[in-house]
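Remarks on the structure that follows.
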Amino acid sequence: MNTQGKSTTNGHNFSGDYPNKPELQQQDCPVTVQVEDDRTGMTVETLHRAFADNLYYIQGKNELTATAYDYYMALSYTVRDRLLHRWIASNTAYMTQGAKQVCYLSAEFLLGRQLGKNLLNLGIYDQAKQVVTESGLDFDALLEVEPEPGLGNGGLGRLAACFLDSLATLEIPAMGYGIRYEFGIFDQDIKDGCQVERPDKWLRFGNPWEIRHPELTVEVCYGGTTEAYEDEDGEYRKRWKPSRKVLGTPYDVPIPGYNNNTVSTLRLWRASANVDFDFQVFDSGDYSGAVADKISSENISKVLYPNDNTEQGKQLRLEQQYFFVSCSLKDIIHRHLSHRGKTLETLVDSAAIQLNDTHPAIAVAELMRLLVDEHRLGWNQAWRITRNCLAYTNHTLLMEALERWPVPLFERLLPRHLEIIYEINSRFIDEVQRFDPEDEGRVGRMSLIEEGTPKYVRMAHLACVGCHTVNGVAALHTELLKSQVLHEFNEMWPEKFQNKTNGITPRRWLLLSNPELTNLVTEKIGDGWATDLERMRQLEGYVDDPEFRSRWQAIKDANKRQLAERILKTNDEDIDPTSLYDVQVKRIHEYKRQLLNILHVIGLYNRIKANPQTNILPRTFIFAGKAAPGYYMAKLVIRLINAVGKVVNRDRQVAGRIKVVFVPGYSVSLGQQIYPAADLSEQISTAGKEASGTGNMKFALNGALTIGTLDGANVEIRDLVGPENFFLFGLTTPEVGQLKYHGYNSYRYYEDNTELRQVIDRIAGGEFSEGDTELFKPIVDSLLYHDEYMLMADYQAYSDTQQKVSQAYRDRDGWIRMAILNSVRVGHFSSDRTIREYCRDIWSVKPVPITLDSYSPDKTRLNAKKVMGRS
Ligand code: IMK
């Protein structure tokens with residue numbers, strides 16, 4: 001490769017036009033542009049030069065003036081050049097081959113930090129580390145400069161990110177579509193034991209991982225009215241006369257596969273004002289009014305709604321959903337039609353469009369509108385295309401999380417879509433009546449519109465009707481979808497329903513987060529297992545090898561010491577790395593039952609207070625997680641955890657036997673430090689409430705044992721690791737149903753169970769609130785008089801099982817054996833497996849391998865005249 005001479009044209013000038021434009025492919029090439037090897041070379045020497053070069057020419061600094069941030073940017077741009085090289089090759093291959101692409105529509109992508117992951121996937125992690133270290137810098141500290149793109153709340157958004165990694169790794173042409181929130185999930189501080197939210201200004205210093213494409217800007221309309229008209233062919237048609245138009249501009253994030261040349265795209269849309277439109281609409285005199293409207297347009301992509309598993313019902317949220325769906329569908333159609341000879345009839349050959357929960361479910365109506373109103377297709381043809389292209393993943397069984405929009409709001413914001421939904425509904429209702437003429441209630445229950453004042457549009461029903469496939473995210477969840485939440489749809493269209501058990505990417509959740517364990521695995525079974533995680537099972541034989549076990553333990557111990565250092569910094573709390581780390585990290589939600597965990601801690605505390613000599617296994621209870629800012633009970637649970645920590649950690653009598661820490665600001669990065677250090681994974685939701693869980697998989701892969709209920713993917717994890725290596729407790733889903741059905745009385749457990757009564761009395765008596773008996777009263781009352789999530793019913797089983805955990809941990813060898821078996825037997829939960837199943841059963845897409853040879857930059861030719869003429 002050419003290592004001499006600087007080129008005058010850099011890589012991003014290619015993007016002066018859409019990569020799919022055929023004009024750029026013309027033959028007469030008066031100028032040959034050679035892209036400098038400093039931008040593509042992968043050796044330590046080249047990376048060193050590129051790093052220094054970028055520090056100088058991009059950051060404008062040298063080693064005397066550079067800050068940590070400058071070094072971070074210099075390395076990021078070094079990586080970005082190498083990504084772009086492969087990205088162009090990938091886009092070119094997909095365009096020329098007209099490959100079918102997965103289009104993953106999601107309101108959330110919880111990516112985590114990009115630099116380390118991109119280095120890993122490009123295969124230059126060690127080289128970059130050497131470069132940075134030889135430059136006298138701390139590599140890990142440099143990676144930590146990156147602000148985390150927290151464009152999601154929890155599992156649903158993180159799943160989308162794991163899927164992107166697996167899609168690229170499996171060489172599946174794919175595009176993620178979402179929103180470029182200016183403010184991601186809030187930062188969490190803990191002040192006086194309470195959660196305090198701070199805005200997440202993640203873009204403050206710019207973002208080296210995005211490429212803006214103003215030339216691909218699209219227009220999105222809202223409001224106004226509709227009118228009927230007759231088109232040139234005498235056909236009756238509807239026209240939408242919107243009252244508001246905003247612009248959507250894509251920002252592309254390149255997503256490299258692991259150990260291959262594929263780089264796919266996460267396309268995030270940013271909203272801005274359509275100034276021309278504003279100036280037409282407003283009085284020509286109202287200049288400031290028109291400028292002020294700019295703000296309201298920009299608000300659409302301003303902030304992520306911080307709710308997980310609850311519905312917000314805010315107008316701006318519906319505006320966001322429609323915004324990114326409309327932008328994305330227009331983009332998909334544009335790309336399809338820009339292929340010679342392609343018509344909309346064959347859209348399904350270009351795109352498999354996946355709806356990540358109902359947040360993008362307005363896609364059903366919008367695709368119909370684009371096909372019927374804008375592209376003038378007939379209804380039936382449009383409906384066939386829509387149904388063939390769209391598929392829907394459900395992520396929750398909680399009634400309060402099922403999205404419904406008030407019809408009046410819908411009518412105001414999206415009048416044409418409401419008409420289309422009514423039309424879909426009327427045809428659907430006919431079908432329901434034909435399917436089951438006897439049951440008169442069925443139509444009302446299945447209708448896309450919920451009757452009442454006001455009426456509501458049921459988004460899950462819209463998705464069920466408008467998609468060819470509906471899937472759940474774990475075996476139990478899919479069964480409950482089919483038998484409860486959507487059972488009438490399952491009766492009508494059983495062939496629509498599928499299970500796709502979630503997975504996690506081993507690249508971030510093992511290779512990046514647990515490098516020592518990664519090395520040990522590779523040492524024993526060689527390379528290649530990171531993309532074939534079931535091969536970890538080859539390590540099963542080593543459970544009987546004392547040398548292997550002690551190395552395993554040494555790695556866990558080192559990870560635990562590292563976490564202790566971090567907790568000393570963030571919590572100013574000294575934790576004992578030899579104690580059992582009992583960890584619950586996830587969003588704070590009543591159904592996830594962090595409260596049950598802390599009740600057990602109080603139970604242990606009571607035991608020590610009652611008998612100071614009691615022999616209790618030293619444990620550190622580690623909590624982390626954010627509560628939705630408007631979720632009163634969840635925030636009160638955070639207060640209780642911190643309050644218990646304050647009392648227990650300071651109590652001399654407890655003397656280091658139990659500690660409680662709440663680590664603030666849970667995030668992907670913090671998760672990467674916590675999972676590898678955990679001994680015990682708390683997966684204790686009320687059975688039937690957690691759709692899948694994915695943290696459960698991250699813990700197990702890193703060798704933590706699970707204490708858990710038969711909920712979500714816990715069921716499958718337990719089957720795979722073996723029941724003898726899993727601490728099961730609690731009511732099953734049918735038992736929860738039975739107990740509710742026969743009238744659940746939680747107070748009975750308070751009366752009958754001395755241990756539990758003492759726990760609750762301690763809270764109620766103000767023991768953890770400096771005598772204030774009011775502060776935690778809502779928690780006490782909820783336990784005694786409602787207990788919707790049946791903590792009281794499960795308390796004793798949980799406490800007994802925790803006792804078994806302690807016993808098991810005392811047998812260090814036995815524990816490590818179980819930990820190893822957990823880790824090596826959960827290869828099934830690689831998101832690679834999940835994605836293979838989606839490709840085979842839902843998307844019908846095939847890999848398109850990318851080779852760099854034919855697109856290597858020194859062979860790239862530019863038609864300079866054409867490019868100059870355009871700008
Ligand atoms: C989550 C579920 O709660 C998890 O159990 C699951 O593992 C994860 O999705 C990935 O499948 C956010 C949600 C949701 C429903 C609505 C909203 N389900 C999940 N997060 C807003």
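Things worth noting here:
- Selection count, the stretch 673-691, where residues are crowded, with 21+ Cβ neighbours inside 10 Å and not in a loop (DSSP other than H, G, I, E, B): 8
- Pairs, first on the phi > 0 side of the Ramachandran plot in the stretch 713-724, second buried (at least 18 other Cβ atoms within 10 Å of the Cβ) and part of a helix (DSSP H, G or I), C-beta under 7 Å, six or more apart: Gly722/Leu821
- Residue list for the stretch 189-211, filter: buried (at least 16 other Cβ atoms within 10 Å of the Cβ), part of a loop (DSSP other than H, G, I, E, B) and in contact with a helix residue (DSSP H, G or I) (Cβ under 8 Å, 6 or more places away or on another chain): Gly193, Pro208, Trp209
- If only residues of the stretch 353-394 that are in a strand (DSSP E or B) and away from the ligand (no atom under 16 Å from the Cβ) are counted, the one that is nearest to Lys100 (Cα to Cα) is Ile353.
- Any chance Ala93 is within 21 Å of Asn261 (Cβ to Cβ), more than 26 Å from the chain's Cα centre (by Cα) and buried (at least 21 other Cβ atoms within 10 Å of the Cβ): no
Table: residues versus (1) among the aromatic types (Phe, Trp, Tyr); (2) modelled with pLDDT of 95 or more; (3) more than 24 Å from Gln484 (Cα to Cα).
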{"site": "Pro723", "(1), (2), (3)": "no, yes, yes"}
{"site": "Val736", "(1), (2), (3)": "no, yes, no"}
{"site": "Lys740", "(1), (2), (3)": "no, yes, no"}
{"site": "Tyr750", "(1), (2), (3)": "yes, yes, yes"}
{"site": "Arg757", "(1), (2), (3)": "no, yes, yes"}
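- Test: residue in the stretch 212-223 that is farther than 24 Å from Arg244 by Cβ, among the small types (Gly, Ala, Ser), over 18 Å from the mean Cα position of the chain (by Cα) and in a loop (DSSP other than H, G, I, E, B): no
- Close contacts from the stretch 399-414, counting a first residue that is under 22 Å from Val485 (Cβ atoms) and touching a residue at least 24 places away in the same chain (Cβ under 8 Å) and a second that is among the polar types (S, T, N, Q) and within 14 Å of the ligand (Cβ to nearest atom), with Cβ to Cβ under 7 Å and a gap of 6+ residues or different chains, come to Glu400/Thr310; Ala401/Asn309; Ala401/Thr310; Glu403/Thr358.
- One residue stands out among those in the stretch 467-514 that are of a type in the set (Ser, Thr, Tyr) and within 14 Å of the ligand (Cβ to nearest atom): the one that is farthest from Asp711 (Cα to Cα), which is Thr505.
- In this structure, Arg158 does not qualify as within 20 Å of Lys698 (Cα to Cα), in contact (Cβ under 8 Å) with a residue 24 or more places away in the chain, of a type outside the set (Val, Ile, Thr) and not in a helix (DSSP H, G or I).
- From the list Leu142, Leu164, the one residue that fits, being in contact (Cβ under 8 Å) with a residue 12 or more places away in the chain and within 16 Å of the ligand (Cβ to nearest atom), is Leu164.
- The condition of being touching a residue at least 60 places away in the same chain (Cβ under 8 Å) and within 16 Å of the ligand (Cβ to nearest atom) holds for Gly150.
- Options Glu108, Glu134: the member that is within 16 Å of the ligand (Cβ to nearest atom) and of a type in the set (Asp, Glu): Glu108
- Qualifying residue in the stretch 170-192 (condition: without any contact (Cβ under 8 Å) to a residue 40 or more places away in the chain and closer than 19 Å to Ile588 by Cα): yes
The values are calculated or read from the model by the stated rules, or taken from the named source; none is laboratory data. Note that the coordinates shown come from a computational prediction; the quantities given were computed from them, not determined experimentally. Glycine gets a Cβ as well: all are built from the backbone with ideal geometry, and neighbour counts include every protein chain shown.
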